[in-house]
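As structure tokens, the structure follows; a few thoughts come after it.
Read-outs throughout are calculated quantities, based only on the coordinates presented, and are distinct from any laboratory measurement. Keep in mind the model is a prediction, meaning the values are calculated, not measured. Quick reminder, even Gly has a Cβ in these numbers, built from the backbone with ideal geometry, and neighbours come from all protein chains shown.
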Amino acid sequence: MATTLYIDADACPVKEEVYRVARRCGLKVFVVSNAWINTPREPLIEQVVVDAGPDVADDWIAERA
């Protein structure tokens, strides 16, 4: 079973570190936020934009993790 990382990226201070680890280890990353943010355009890194609101990103992650 492959490891997948889900990050609530709205206020995540370690996004760049997550991207580096994902590249090095070949991990799939879902970058979840309620607005577009600059993410690397790479096959293993996928941006997900959810509706604005309290815990919407957290709920999206919880439904899939």
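Pairs are defined by a Cβ separation below 7 Å, a sequence spacing of at least 6 or placement on different chains, a first member in the stretch 43-65 that is in contact (Cβ under 8 Å) with a residue 40 or more places away in the chain, and a second member that is part of a loop (DSSP other than H, G, I, E, B); the pairs so defined are Ala57/Asp10; Ala57/Asn34; Ala57/Val50.
Asp58 - would you say it is of a type in the set (Asp, Glu) and within 13 Å of the chain's Cα centre (by Cα)? If you could, list the steps in order and put the result at the bottom.
Working: of a type in the set (Asp, Glu): yes; within 13 Å of the chain's Cα centre (by Cα): yes.
Here the answer is yes, as Asp58 does meet what is asked.
Could you tell me whether Glu17 is part of a strand (DSSP E or B), among the acidic types (Asp, Glu) and surrounded by 10 or more Cβ atoms within 10 Å (Cβ to Cβ)? For Glu17, the condition - part of a strand (DSSP E or B), among the acidic types (Asp, Glu) and surrounded by 10 or more Cβ atoms within 10 Å (Cβ to Cβ) - is not met.
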